[in-house]
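Reading through the structure tokens given below for one structure.
The values are calculated or read from the model by the stated rules, or taken from the named source; none is laboratory data. These figures come from a predicted structure and were not determined experimentally. Cβ placement follows ideal geometry from the backbone for every residue including glycine, while neighbour counts extend to all protein chains displayed. Keep in mind that these areas ignore ligands, DNA and RNA; they rest on the heavy atoms of the full protein, side chains included. Shrake-Rupley method; radii C 1.70, N 1.55, O 1.52, S 1.80 Å.
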Amino acid sequence: MPTFFAPSGPLKGSVKPPADKSISHRAALIAAMCDSPVRIRNYLDSGDTNSTLSAVQAVGAGVERKADEVLVRGVGLRGAQEAPGVVDVGNAGTLIRLMPGWLCGQPSGDWELDGDESIRTRPMLRIVEPLRLMGAHIDANPNGTAPICIEGAPLHGIDYELPVASGQVKSCLLLAGLAASGTTRIREPQASRDHTERMLAAAGVPIRRDGDTIVVDGLVDELELGVIDVPGDLSSAAFMIAAGVLVKGSRLLVKDVGLNRTRIGILRILERMGAVALADPERQDAGIPAFEAVGDLDVRSTTLVGTTVEPDEVPLAIDELPLVALLGAFAEGETVVKGAEELRFKESDRIATVVDGLAGLGADIEATDDGFVVRGTGSLRGGRISSHGDHRLAMLGAVAGLASEDGVEVSGMKAAAVSYPGFAQDLAHLT
Ligand code: S3P
């Protein structure tokens, strides 16, 4: 049954977004690699991150869920056990790309990782090839997708330049680098999210940045985390922020949201479009901090002007680019996103699904090879949109509905639970 999102009156009040999905995945995995128990406060309770808890349990870690925290009893860096069957990653791209980095360097054992239909379409050679260069015994399907088979083997460090900026691939190789002999150096063409680097620094790993290269020395003895506090997810909050900006008369406070400088691309884009002012939350030259920046955002509705998102901004706003398309439909002038081919490899082909979806609601939008161009008209008619099983498409449709003239019917709304299970309730609370 489709869900109808009617044109809305002003959004008011405050909202605490769900915990950060990227940081939750990393917290569970790195906690499982520790020798002593780790308390994860504010762990995200969602489809994707619950897959990660099940996956670490499958390789021997203990997981206790308490009211407001998850306790993980890790098996140590080299202690992953063989799983009773296939490790099921569900829909979680971050899990299937990060976990092999850990498993490949185990002294012994075999594992198979697989997921849902959408996971089986996503490219895995981006981790398989560099892991093999490190000595890993890892295989994907002949077409380069899941399932992935791994046999633990001795690894050695590499100097590797990522062909595309990717927080997932970088993280996978850094995790592999921990158990490898020698030094691993990963060069990024553009900066991508650095949660793994920060969490490893917090776990006592002497990880460092040398210009655009992340450096980690291998044969690490042990990791120790103690307690991790997961901040709110800016990528989830972005849907509320966009709704607040687009629906006339809105004013809302978004509380306790992660403001890591490698995640705030959407706020910089919004700033240029005329909404949301942001004081710099973090110094640019601070090295690799062992913590995550957190803050509150005051959002109000405003008129927007079009902007161009350049390729170097793309990794810093990758999951929010569908919202940039929607915002662009309401802005004065043209909004262009360049250098975003990676959108084609997300939970859906997000260039195709966003462009077709918003065009179906009346937006003047066109796909390009590496992004899209939207000519703003100041309003959106409304109509029907499908999530294609993609959580961010489902929430995009909902926000479009609130800001539209006729409302939007979203089919496949339940996909939102992959990252934001309380999405509909939080929206209802604000509207
Ligand atoms: C993620 C990195 C990004 C992002 C994804 C989560 C992560 O993917 O799109 O939702 O947690 O590292 P890529 O690293 O593939 O760009």
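Some points to look at:
For (1) open to solvent by 30 Å² or more (accessible area, probe 1.4 Å); (2) modelled with pLDDT under 95; (3) touching a helix residue (DSSP H, G or I) at 6+ places or on another chain (Cβ under 7 Å), each residue gets a yes or a no:
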site	(1), (2), (3)
Pro311	yes, no, no
Leu316	yes, no, yes
Asp319	no, no, yes
Ala331	no, no, yes
Asp356	yes, no, no
Ala363	no, no, yes
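- Restricting segment 158-182 to residues that are of a type in the set (A, V, I, L, M) and open to solvent by less than 10 Å² (accessible area, probe 1.4 Å), the residue that is farthest from the ligand (Cβ to nearest atom): Ala180
- Condition met for Asp116 (among the acidic types (Asp, Glu), closer than 26 Å to Lys21 by Cα and either without any contact (Cβ under 8 Å) to a residue 24 or more places away in the chain or within 16 Å of the ligand (Cβ to nearest atom) (or both)): yes
- If you filter segment 31-47 down to residues that are closer than 24 Å to Ala237 by Cβ and crowded, with 23+ Cβ neighbours inside 10 Å, you find that the one that is farthest from the chain's Cα centre (by Cα) is Ile40.
- So Phe291, is it open to solvent by 20 Å² or more (accessible area, probe 1.4 Å) and in contact (Cβ under 8 Å) with a residue 40 or more places away in the chain: yes
- Single residue of Arg132, Arg185 found to be among the basic types (Lys, Arg), touching a Phe, Trp or Tyr at 6+ places or on another chain (Cβ under 9 Å), farther than 20 Å from Ile30 by Cβ and away from the ligand (no atom under 16 Å from the Cβ): Arg185
- Among the residues of segment 339-350, those that are open to solvent by less than 10 Å² (accessible area, probe 1.4 Å) and either farther than 11 Å from Leu393 by Cα or outside any helix (DSSP H, G or I) (or both) comprise Ala340, Leu343.
- Flag for Leu304 being of a type outside the set (Gly, Ala, Ser), open to solvent by less than 50 Å² (accessible area, probe 1.4 Å), at pLDDT 95 or above and more than 28 Å from Ile207 (Cα to Cα): yes
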